[in-house]
1. State whether the residues of the range 77-84 include one that is over 14 Å from residue 132 (Cα atoms), open to solvent by 30 Å² or more (accessible area, probe 1.4 Å) and within 14 Å of the ligand (Cβ to nearest atom).
2. Residues in the range 193-210: is at least one buried (at least 16 other Cβ atoms within 10 Å of the Cβ) and near the ligand (Cβ under 10 Å from one of its atoms)?
3. Identify, by number, the condition in (1) surrounded by fewer than 19 Cβ atoms within 10 Å (Cβ to Cβ); (2) within 15 Å of the ligand (Cβ to nearest atom); (3) of a type in the set (Val, Ile, Thr); (4) outside any strand (DSSP E or B) that residue 109 doesn't meet.
4. Criterion first (at negative phi, of a type in the set (Ser, Thr, Tyr) and open to solvent by less than 40 Å² (accessible area, probe 1.4 Å)) does residue 66 satisfy it?
5. Please count how many residues of the range 70-89 are over 20 Å from residue 24 (Cα atoms) and touching a residue at least 12 places away in the same chain (Cβ under 8 Å).
6. All but one of (1) in a loop (DSSP other than H, G, I, E, B); (2) open to solvent by 40 Å² or more (accessible area, probe 1.4 Å); (3) within 8 Å of the ligand (Cβ to nearest atom) hold for residue 118, so report the exception by its number.
7. For residues that are assigned to a loop (DSSP other than H, G, I, E, B), buried (at least 17 other Cβ atoms within 10 Å of the Cβ) and within 18 Å of the chain's Cα centre (by Cα), tally how many sit in the range 15-48.
8. Looking for something of a type in the set (Gly, Ala, Ser) and open to solvent by less than 10 Å² (accessible area, probe 1.4 Å) - is there at least one such residue anywhere in the range 49-62?
Amino acid sequence: MPSTDPAAILDAHGLRFAALGSAAARPHLDLAPLGVDATFLEAEHEPGWVARYHLVNLARFGGPLSLPGWVLADLYLLPSAIGLLLDGDDIVAAYYAAPSLEPGTVIGVSLLSLREGLGAGYAVKALTLAMYRAKVQRGITQWRSRAVRVHTRFGPLEVEGPAPAVHGAAAESFVYRVALGAPTPDTRVAVPIAEAIARTAAGERLTIVGPGLHADGEHVWLAE
Ligand SMILES: CC(C)(COP(=O)(O)OP(=O)(O)OC[C@H]1O[C@@H](n2cnc3c(N)ncnc32)[C@H](O)[C@@H]1OP(=O)(O)O)[C@@H](O)C(=O)NCCC(=O)NCCS
């Protein structure tokens with residue numbers, strides 16, 4: 001199992017943390033999140049890094065979830081900054097959550113890793129949320145994605161409901177809210193994903209707890 005200390009994951013693999021975003025966002029970010037020094041890459045002057053991020057995002061999210069350039073410019077880089085784990089000039093993992101109108105709450109938009117098995121997804125998400133000083137995170141994720149293993153490390157996922165139909169992968173996705181660092185309940189039960197989807201569609205508010213996705217990929221762990 002990968003380490004739970006983001007700084008240790010970076011040290012073990014010779015990685016560094018960087019933020020890629022608008023100069024206007026810079027003063028609002030904690031650029032030493034969890035004690036890790038962040039390099040700030042000003043998007044206005046770093047077209048090469050913007051293009052590199054766009055390419056890795058397109059490599060990880062295809063078809064209906066492909067990231068249009070205008071969304072990257074208008075909704076990622078103008079309002080805030082993307083967190084990056086870098087190995088030299090290579091992007092190893094990245095996380096972006098958009099600011100929201102609820103103070104302290106961010107909306108998870110994109111988590112990706114190109115080097116699985118290191119805990120890179122967890123490390124970049126932990127550092128980026130700390131950089132935003134986020135207290136609560138909402139977002140949409142896929143029931144059968146190993147990302148659920150990463151998301152539940154930050155606290156129990158309160159399932160708010162199915163993803164809106166307009167989402168490119170609505171049938172496989174759900175909307176969740178997590179109070180960052182909230183304790184995980186002691187008792188849990190593994191439920192088939194098909195059942196969890198049906199109960200969510202019927203309006204039940206499920207709570208997904210760590211480790212989230214069962215090793216068989218077909219069950220989720222729910223608070224009892
Ligand atoms: C999700 C993603 C970021 C994970 O990358 P990563 O953090 O480098 O992956 P890791 O190898 O460190 O594994 C992450 C977790 O998944 C677990 N995992 C690995 N294989 C698994 C499997 N087959 N089934 C369930 N969990 C699995 C790991 O054990 C780890 O959990 P743990 O720490 O509790 O043990 C990566 O797979 C990715 O980029 N996917 C495509 C994009 C995507 O779907 N993003 C999420 C959208 S919300």
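1. The answer is no, given that none of the residues of the range 77-84 is over 14 Å from residue 132 (Cα atoms), open to solvent by 30 Å² or more (accessible area, probe 1.4 Å) and within 14 Å of the ligand (Cβ to nearest atom).
2. Step one: filter the range 193-210 for residues buried (at least 16 other Cβ atoms within 10 Å of the Cβ), giving 193, 196-197, 200, 206-210.
Subset that is near the ligand (Cβ under 10 Å from one of its atoms): 210.
Within the range 193-210, one or more residues are buried (at least 16 other Cβ atoms within 10 Å of the Cβ) and near the ligand (Cβ under 10 Å from one of its atoms).
3. Just one mismatch for residue 109, condition (4).
4. Considered against the rule, which asks whether it is at negative phi, of a type in the set (Ser, Thr, Tyr) and open to solvent by less than 40 Å² (accessible area, probe 1.4 Å), residue 66 comes out as no.
5. Here is the first cut: in the range 70-89, the residues over 20 Å from residue 24 (Cα atoms) are 85-89.
Right, trim to touching a residue at least 12 places away in the same chain (Cβ under 8 Å) and you get 85-87, 89.
Matching residues across the range 70-89 total 4.
6. Tallying (1) in a loop (DSSP other than H, G, I, E, B); (2) open to solvent by 40 Å² or more (accessible area, probe 1.4 Å); (3) within 8 Å of the ligand (Cβ to nearest atom), residue 118 fails exactly one: (2).
7. Selection size over the range 15-48: 1.
8. no
The values are calculated or read from the model by the stated rules, or taken from the named source; none is laboratory data. Treat the numbers as computed from the prediction; the structure is a model and nothing was measured. A quick note on method: Cβ atoms are made from the backbone with ideal geometry, for glycine too, and the neighbour counts reach across all protein chains shown. These area figures cover heavy atoms from the full protein model, side chains too; ligands, DNA and RNA do not enter into them. Shrake-Rupley method; radii C 1.70, N 1.55, O 1.52, S 1.80 Å.
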